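Structure record follows, encoded as structure tokens.
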Amino acid sequence: NGASSSSDIYKQMMRKQGIKSMFCGLDSQLMRDGPFYAVFFGGYELFCYSFRQMIPSIPDEVNYFLSGGFAGMLSWTVAMPFDVPKTNVQARWDTKVVGSYFPEMARIIRERGIRGLYNGLGPTLIRAFPANAALFLGVESGKKFFDEVM
């Protein structure tokens, strides 16, 4: 039927590459996550500060929501060229633990140009705003709640 359970996939991975299959594409993950999280958290703080400066009366919850949404969109825009090759590398069976990322990035650029590194950016940005707006609003509201309770 073609469908496999997660345990079937795990067994296939162990047969093909052993324990190292659990770490394939590690360099790819780090290449994407470094820029993403630097821009994500730094951008969030900058957006919060900027909204507070431009609109001093902005309610905290609105500030958190907007800042989180825009930080998510900005971070995905910056990280997308790192994410596309990461996804390709981690979806293949022949991936090395380290060393497949830059050849994959070069292949994408050679075959599709720089724009190829931004495949899927539109849907990602549409998802990024509400997901990250809700994330930061929830985190900040949770912090406020626990600060008041404890």
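The values are calculated or read from the model by the stated rules, or taken from the named source; none is laboratory data. Keep in mind that what you see is a predicted model, and the values were worked out from it rather than measured. Positions of Cβ are backbone-derived with ideal geometry, glycine not excepted, and every protein chain shown enters the neighbour counts. These accessible areas exclude ligands, DNA and RNA; they are computed on the full protein's heavy atoms, side chains included. Shrake-Rupley method; radii C 1.70, N 1.55, O 1.52, S 1.80 Å.
If I filter region 104-115 for residues that are at pLDDT 95 or above, within 14 Å of the chain's Cα centre (by Cα), among the β-branched types (Val, Ile, Thr) and more than 27 Å from residue 22 (Cβ to Cβ), do I get at least one hit? No: region 104-115 contains no residue that is at pLDDT 95 or above, within 14 Å of the chain's Cα centre (by Cα), among the β-branched types (Val, Ile, Thr) and more than 27 Å from residue 22 (Cβ to Cβ).
Residue 62 falls short of the stated requirement of being in contact (Cβ under 8 Å) with a residue 24 or more places away in the chain and either in contact with a Gly (Cβ under 7 Å, 6 or more places away or on another chain) or not acidic (Asp, Glu) (or both).
So that you can scan it fast, the table gives a plain yes or no per residue for (1) on the phi > 0 side of the Ramachandran plot; (2) in contact with a helix residue (DSSP H, G or I) (Cβ under 8 Å, 6 or more places away or on another chain); (3) open to solvent by less than 20 Å² (accessible area, probe 1.4 Å):
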| site | (1), (2), (3) |
| --- | --- |
| 94 | no, no, no |
| 97 | no, yes, no |
| 101 | no, yes, yes |
| 110 | no, no, no |
| 114 | no, yes, no |
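Hey, any hits in region 29-45 for a residue that's at pLDDT below 95, closer than 23 Å to residue 105 by Cα and crowded, with 20+ Cβ neighbours inside 10 Å? Yes - at least one qualifying residue is present in region 29-45.
Please indicate, with yes or no, whether at least one residue in region 66-78 is touching a Ser or Thr at 6+ places or on another chain (Cβ under 6 Å) and open to solvent by 30 Å² or more (accessible area, probe 1.4 Å). Yes - at least one qualifying residue is present in region 66-78. Listed by position, the helices (runs of 4 or more DSSP H) inside region 54-150 whose residues that are under 23 Å from residue 40 (Cβ atoms) number at least 3 are 60-90, 121-149.
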